[in-house]
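Have a look at the structure below, then the notes.
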Amino acid sequence: MTYGVFEPLLEERSYDVTEIEGAVPEGLRGSLYRNGPGRWQVGTTLLDCIFDGDGMVSRFTFDQGRITFRNRYLDTPQYRAKRRWRAGVGTSTGIPMPPANTANTSLSFHAGDLMALWEGGKPTRIDPDTLETYGLHDFGGRLKGLGMWSAHPRFDPATGEMFNFGLKFLPTPGFHCYKTDREGRTSRIASVRVKGLPWTHDFGLTERHLVFVLGPATPNVGQILRGRSAVSALHYRPEQPTRFLLVPRDGGEPRIAEHAATMGTHITNAYEDGTDTVVEVVRYPDFTLLKADLRNFRERFHLTRPNSLARYRITPTRVIEEQLTDHPCELPQFDWRRSTRRHRYSYLSGCHASEGLFDAVLRVDHETEEVASHVLGDCVGEPVFVPRAPDSAEDDGWLLCVVYREADHRSGLAILDARSLDLLATAWLPHHIPYGFHGIFTERLPGS
């Protein structure tokens, strides 16, 4: 079958949402920004990987029960050209060149800057009100050359600092690790050499460490520069171990601990527990299936099988694995106020059907081990947690996620009670939003 949620949305729109089922919570005020590909084609050429599409930011704004919507493409050089020397990272021209920065994966809002992120290059700074693209951001020259900046920065709520990493290839392969203070001043805190340079998309942050889960999949850089999809150029070697890399925030010596092969994609949270470091991650025991889904997303999308949510405890002598749920899941979220500390609740997109897209929101209670779910529709996006108040309890708030209904070929924004998973309201749009990746919520309203 083919999925309508992967059809392009070519129009940029701005309007009040008028079709709302249920009641928008009175205390919900602010903006939900989301990022993802708006189209997976250049002219009549179809791109061959889900990661290759042109970035499109959408924003839902909540103010006194009113919801407004706006979407806009990231005005990158690739988008402006309409035709590219290479379409995304999946079409070869025979001319070696780095992949196109499509700015299509996630967002961050820090020190007054809203940025669209893509892990193969510098972030793209955009206007939080108009969604106009300002251009690439290099943090005052701190990101040099390709300036790779991960799509998943982490924040320490105690210090107000933002941490991130970027891949480096020369003179030795590894990671640059960065810290950005409350005012936006960025410094490199570590440069770590990593043998084989395994693909990694995310990391965790504790009070003492940056935590990386390095599965045994390595990119062939030469193939990528010759035009192969980054996913196609990944080579999985299950005979090799997964490495857990702990990089001290204070610049101390990194530590590596090994475990049997597994692939981790998205990390929920990480924290210290005495002498142990704990990290929670969505794991894939079979990377081959994941790789096929990312390439054949229009007709086959089984990312949710056979993955699961797992916790890894890195002790001074070994790594202990614990499966937290057998529900297929992805796109984990939690209360970001608990970042770097033990959290009780994780929220994920999940799947109840035997095949197809995510169709539900999951809530995992790590204290009781209870897993609750709410089936919402044909496609359910990442559930972003919004606390009811700055000092409210960890589960006292709302979950915001985009849902897609195939029969009507349109999308809506679902608002759920984070504690009960009751559906409070759905704001239906007159059109669909193509399948997106990650979002953030800020209390800031446009123009404020």
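The values are calculated or read from the model by the stated rules, or taken from the named source; none is laboratory data. Nothing here was measured: the structure is a model prediction, and the numbers come from that model. A quick note on method: Cβ atoms are made from the backbone with ideal geometry, for glycine too, and the neighbour counts reach across all protein chains shown.
Keeping to segment 13-40, report how many residues are of a type in the set (D, E, K, R), touching a Pro at 6+ places or on another chain (Cβ under 9 Å) and within 22 Å of Ala151 (Cβ to Cβ).
Selection size over segment 13-40: 1.
Does Asp293 satisfy being touching a strand residue (DSSP E or B) at 6+ places or on another chain (Cβ under 7 Å) and either aromatic (Phe, Trp, Tyr) or surrounded by fewer than 20 Cβ atoms within 10 Å (Cβ to Cβ) (or both)? Can you show your working first?
Details: touching a strand residue (DSSP E or B) at 6+ places or on another chain (Cβ under 7 Å): no; either aromatic (Phe, Trp, Tyr) or surrounded by fewer than 20 Cβ atoms within 10 Å (Cβ to Cβ) (or both): yes.
Criteria not met by Asp293.
In segment 284-333, which residue that is assigned to a loop (DSSP other than H, G, I, E, B) and of a type in the set (Ser, Thr, Tyr) is farthest from Thr242 (Cα to Cα)?
Thr304
When you scan segment 244-264, how many residues do you find that are crowded, with 20+ Cβ neighbours inside 10 Å and at pLDDT 95 or above?
Qualifying residue count, segment 244-264: 5.
Residue by residue through segment 326-374, note down the ones that are touching an Asp or Glu at 6+ places or on another chain (Cβ under 9 Å) and acidic (Asp, Glu).
Glu330, Asp335, Asp359, Asp365
Among the residues of segment 311-328, write down those that are surrounded by 14 or more Cβ atoms within 10 Å (Cβ to Cβ) and under 18 Å from Thr368 (Cβ atoms).
Arg311, Leu324, Thr325, His327
Within segment 33-52, can one find any residue that is in contact with a Ser or Thr (Cβ under 6 Å, 6 or more places away or on another chain), among the small types (Gly, Ala, Ser) and either more than 22 Å from Asn296 (Cβ to Cβ) or in contact (Cβ under 8 Å) with a residue 12 or more places away in the chain (or both)?
no
Looking only at segment 356-372, count how many residues are over 22 Å from Gly4 (Cβ atoms) and surrounded by 19 or more Cβ atoms within 10 Å (Cβ to Cβ).
Residues flagged as over 22 Å from Gly4 (Cβ atoms) and surrounded by 19 or more Cβ atoms within 10 Å (Cβ to Cβ) within segment 356-372 amount to 3.
Here are some conditions: (1) under 22 Å from the mean Cα position of the chain (by Cα); (2) closer than 30 Å to Arg342 by Cβ; (3) not in a strand (DSSP E or B). Glu183 meets all but one. Which one does it not meet?
Here Glu183 clears every test but (1).
Those residues that are aliphatic (A, V, I, L, M) and either buried (at least 24 other Cβ atoms within 10 Å of the Cβ) or more than 23 Å from Phe155 (Cβ to Cβ) (or both), I need them from segment 265-277; list them, please.
The answer is Ala270, and nothing else.
Residues Arg295, Arg313: which one is closer than 26 Å to Arg255 by Cα and basic (Lys, Arg)?
Working: Arg295 fails: closer than 26 Å to Arg255 by Cα.
Answer to the selection: Arg313.
For segment 111-129, what are the residues that are surrounded by fewer than 17 Cβ atoms within 10 Å (Cβ to Cβ), touching a strand residue (DSSP E or B) at 6+ places or on another chain (Cβ under 8 Å) and touching a residue at least 24 places away in the same chain (Cβ under 8 Å)?
Within segment 111-129, Ala111, Asp113 qualify.
Residue by residue, here is whether (1) modelled with pLDDT of 95 or more; (2) within 30 Å of Phe297 (Cβ to Cβ); (3) of a type in the set (Val, Ile, Thr) holds:
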| site | (1), (2), (3) |
| --- | --- |
| Arg363 | yes, yes, no |
| His366 | yes, no, no |
| Pro387 | yes, no, no |
| Val402 | yes, yes, yes |
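Quick one: which strands (runs of 3 or more DSSP E) lie wholly within segment 110-177 and hold at least 3 residues that are more than 25 Å from Thr61 (Cα to Cα), within 16 Å of the chain's Cα centre (by Cα) and modelled with pLDDT of 95 or more?
Ranges flagged: 161-168.
Looking only at segment 59-83, which residues are of a type outside the set (A, V, I, L, M), closer than 30 Å to Thr45 by Cβ and outside any strand (DSSP E or B)?
Asp75, Thr76, Pro77, Gln78, Tyr79, Arg80, Lys82, Arg83
So, of the residues in segment 73-83 that are surrounded by fewer than 20 Cβ atoms within 10 Å (Cβ to Cβ) and not aliphatic (A, V, I, L, M), which turns out to be modelled with the highest pLDDT?
It comes out as Asp75.
Residue under question is Thr265, and the condition is that it be in contact (Cβ under 8 Å) with a residue 24 or more places away in the chain and within 22 Å of the chain's Cα centre (by Cα); does it hold?
yes
Out of (1) surrounded by fewer than 23 Cβ atoms within 10 Å (Cβ to Cβ); (2) modelled with pLDDT of 95 or more; (3) hydrophobic (A, V, I, L, M, F, W, C), the odd one out for Ala353 is which?
It fails just one condition, (2).
Looking only at segment 187-218, count every residue that is buried (at least 22 other Cβ atoms within 10 Å of the Cβ), polar (S, T, N, Q) and modelled with pLDDT of 95 or more and tell me the total.
1
Show the residue pairs meeting these rules: Cβ distance below 9 Å; 6+ apart or different chains; first residue within segment 65-82 and within 19 Å of Met115 (Cα to Cα); second residue of a type in the set (Asp, Glu) and part of a loop (DSSP other than H, G, I, E, B).
Arg70/Glu12; Asn71/Glu11; Asn71/Glu12; Arg72/Glu12; Arg72/Glu132; Tyr73/Glu12; Asp75/Glu132
Give the residues of segment 21-58 that are within 22 Å of the chain's Cα centre (by Cα) and either in a loop (DSSP other than H, G, I, E, B) or surrounded by fewer than 21 Cβ atoms within 10 Å (Cβ to Cβ) (or both), sorted by residue number.
Within segment 21-58, Gly30, Arg39, Trp40, Gln41, Leu47, Asp48, Cys49, Gly53 qualify.
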